[in-house]
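Structure record follows, encoded as structure tokens.
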Amino acid sequence: MKRYSNPSNNSPKSKKTKSHPFWRWFWLSFLVLSLTYAGYSFYVPSNDVHWADNIDSARELSNDSGKNMLLFFTGEWCVPCRIMKREVFADKEVMKAINSQIIPVMINVDAPYAKELVKLYKVGGTPVTIFTDPEGNVIDYAVGKIGKTKFLEMLKNLDATAS
């Protein structure tokens, strides 16, 4: 009778080492914080800014009211844009100022209708904030994410140039 040896019986027993509890808590905490930050980065609260549907209706409203326009160039994938929407446009003071002083238009740079506007205003990236007169001439602009203070300062400067 021939005996076959089982290779698992011939090898030394492998020890299963447990990781230190600190490292389990560390990686779990890291995972939770990372997911929380990712969720926060993409969270955009609703706001009461009365965004115009498109540039043509905004120009019409701007001409009828004599108000300047805000063109906000953004993209679905743009995290700094989402941060601006959350930290600037969702602020009550900013919402009130926008609704009373200007005609706002949010332009998704990836939309087919936006290609002409992106070319016209030479938008190379997002976010881009442009203030124009009713005819579409640029009064002031900012490239990149801006904060509430800078945005309100730009609005105040629009009033100063109008008078």
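Okay, here's what the table says:
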item	result
Quotient of C-alpha Rg and 2.2 N^0.38 Å, computed over region 75-122	1.32
Built amide H within the under 5 Å cut-off of ASP140, gap 5+	PHE131
Region 55-162 - convex hull of alpha carbons, volume per residue in Å³	90
Considering only region 55-162, percent of DSSP beta bridges that pair antiparallel, nearest 5	60
Aspartates and glutamates whose Cα lies under 12 Å from that of LYS96, excluding same-chain neighbours fewer than 8 positions away	ASP48
Under the Karplus curve 6.51 cos²θ - 1.76 cosθ + 1.60, θ = phi - 60°, whole-Hz ³J(HN,Hα) for region 146-151, x wherever Gly or Pro sits	10, x, 4, 4, 5, 4
Under-5 Å amide H pairs with ALA52, H placed in peptide plane, nonlocal only	VAL105, MET106
Pairwise label distance in nanometres, VAL79 with ASN137, each label 7 Å out on the Cα-Cβ vector	4.0
At R0 = 22 Å, FRET efficiency that the Cβ-Cβ distance of GLU60 and ALA111 yields, to 0.05	0.65
Scattering curve values for region 36-118, log₁₀ I(q)/I(0), Debye with Cα scatterers, q = 0.26 Å⁻¹	-1.29
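Readers should treat all values here as calculations from the given coordinates under stated rules, not as data from a laboratory. Quick caveat, the model's predicted, so the values are computed rather than measured. FYI the Cβ positions are ideal-geometry reconstructions off the backbone, even for glycines, and counts take in every protein chain you see.
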